[in-house]
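Here, each number is a calculation from the coordinates, and none is a lab measurement. Given the structure is predicted, the values throughout are model-derived calculations rather than measurements. Note that each Cβ is placed from the backbone with ideal geometry, even for glycine, and that neighbours are counted across all protein chains shown.
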Amino acid sequence: MVLVRLKKINITIYTKYKKTTGHDVHPKIWTQIMEAHFNMSKLTREQKIEIYEKRKLGKSIQKLSKEYHIRKENIKYLIRLIDRHGSHVVHKDKNKYYPPELKEEMVNKVLIENHSIKSTAIEYGLSSAGLLHNWIKSYKDNGCVIIERKQGRPLTMKTNQPKKKYEEMTLE
């Protein structure tokens, strides 16, 4: 099934390439073209700092966008974030915890004080403005209440059932 999907992607890329360039492409280079368009993995800390340094040396956002295969808006956000907080802000914190009070403070800053989502996210050092956007959406969907997800795996057994004694189990 995956192979069929890859073939469809290759055909799509082939047609787009032929339409835009007017050149025919040999099937052996479909993979190279596909990698150029679909290799959008997350950036490492080093790559983020490298992007920042290249931008400060004068490289255009357009060129950085093409080089790292990321959107121009993300590069602009990254540069503003590092300018505000320094390069330590881009360290990778997997599953960083934000207390509900802090989330509510940020949400209120956007909804009540009319600050922009991006400027608020940068002010608080969020890795992306999308986090704040999702919190605001959740806040509105849940009746203006911050809902905090439970940490860890969900329980597989019900814990509210009273435990039976061994004697009761054998009698049943």
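On a full-extension model of 0.36 nm per residue, what is the gain between ARG71 and LEU57, subtracting their alpha-carbon distance, rounded to one decimal in nm?
Result for the pair: 3.1 nm of gain on full extension.
What is the local net charge at TYR139, summed over the other residues whose Cβ is closer than 11 Å to its Cβ (Lys, Arg +1; Asp, Glu -1)?
Neighbour charge sum, excluding TYR139 itself: +1.
Please give me the summed charge of the neighbours of THR120: other residues whose Cβ is under 10 Å from its Cβ, Lys and Arg +1, Asp and Glu -1.
After counting each charged neighbour, the total is -1.
Separation between the ILE49 and ARG84 pseudo-spin-labels, each 7 Å from Cα along Cα→Cβ, expressed in nm?
A separation of 2.1 nm, rounded to one decimal place.
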